[in-house]
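Student: I have a structure I would like to understand better, so I am pasting it below and will then ask my questions one at a time.
The values are calculated or read from the model by the stated rules, or taken from the named source; none is laboratory data. Bear in mind the structure is a predicted one, so any value in this text is a computation, not a measurement. Note that we place each Cβ from the backbone using ideal geometry, even for glycine, and neighbour counts take in every protein chain shown.
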Amino acid sequence: MSKERMALGKKGEEIIASALAKEGFRIREMNYETRYGEIDIIASKEDLLVFVEVKARKTQYFNLSQVISYPKQKKIIKTAFDYITKRPLRDCSYRFDVALLENSKGSYTITYIKNAFTAPEMGGIFLG
C-alpha cells in the first residue's frame, strides 16, 4: 500500500472518529487488531457498541459489496467477537457500520451506513 493511500485512510479514520465523538460516542479503540483482522474504530454510546469500517477513496464511486466483501465482514465479526469476549460488557447491543469517504480536491463527502451488515451468529445483545 502506498504512503499516499495509507495517509488517506488514516485521515478518513480521524474524520469519522471526530464525527462520532461530536454525536456523543466515546471512542474506545482505533485500529483494534487481532489474529482475525482489524476494526478501524470501536465506539460506544450508552448501551450501544459500534464497530466501524472506514473506507476512503479519491473517486466518487463506491459499491458496498466491493468495498466490504463477505470475507472482510467475517473477519470484522470475528475481531468484534474477540473484543467483546475480552471485556466486562453487560447488556450491550452492537452494530456494524461502514463509513465511506470521498476525497475530492481536499473536500470530504461522508456516506455513513448504520447496520451495514449483521452478525446473526453473535445474537445482537451480549449479556456478559
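Student: Examine the range 57-75 for a residue that is crowded, with 18+ Cβ neighbours inside 10 Å and at pLDDT below 90, and state whether such a residue exists.
Tutor: Looking through the range 57-75, at least one residue is crowded, with 18+ Cβ neighbours inside 10 Å and at pLDDT below 90.
Student: Now, a different point. Could you run through the range 73-104 and say how many residues are outside any strand (DSSP E or B) and of a type outside the set (A, V, I, L, M, F, W, C)? Give the steps one after another, and end with the answer.
Tutor: Initially, the range 73-104 is screened for residues outside any strand (DSSP E or B), giving 73-91.
Subset that is of a type outside the set (A, V, I, L, M, F, W, C): 73-75, 78-79, 82-83, 85-88, 90-91.
Looking only at that region, the number is 13.
Student: Can you spot a residue in the range 17-29 that is in contact with a helix residue (DSSP H, G or I) (Cβ under 8 Å, 6 or more places away or on another chain) and either closer than 23 Å to A119 by Cβ or surrounded by 12 or more Cβ atoms within 10 Å (Cβ to Cβ) (or both)?
Tutor: yes
Student: A further question follows. If you go through the range 93-128, how many residues are in contact with a strand residue (DSSP E or B) (Cβ under 6 Å, 6 or more places away or on another chain), surrounded by fewer than 17 Cβ atoms within 10 Å (Cβ to Cβ), at pLDDT below 85 and hydrophobic (A, V, I, L, M, F, W, C)?
Tutor: Of the residues in the range 93-128, 1 are in contact with a strand residue (DSSP E or B) (Cβ under 6 Å, 6 or more places away or on another chain), surrounded by fewer than 17 Cβ atoms within 10 Å (Cβ to Cβ), at pLDDT below 85 and hydrophobic (A, V, I, L, M, F, W, C).
Student: Taking the range 30-46, which residues are exposed (fewer than 13 other Cβ atoms within 10 Å of the Cβ) and in contact (Cβ under 8 Å) with a residue 24 or more places away in the chain?
Tutor: E33, E38
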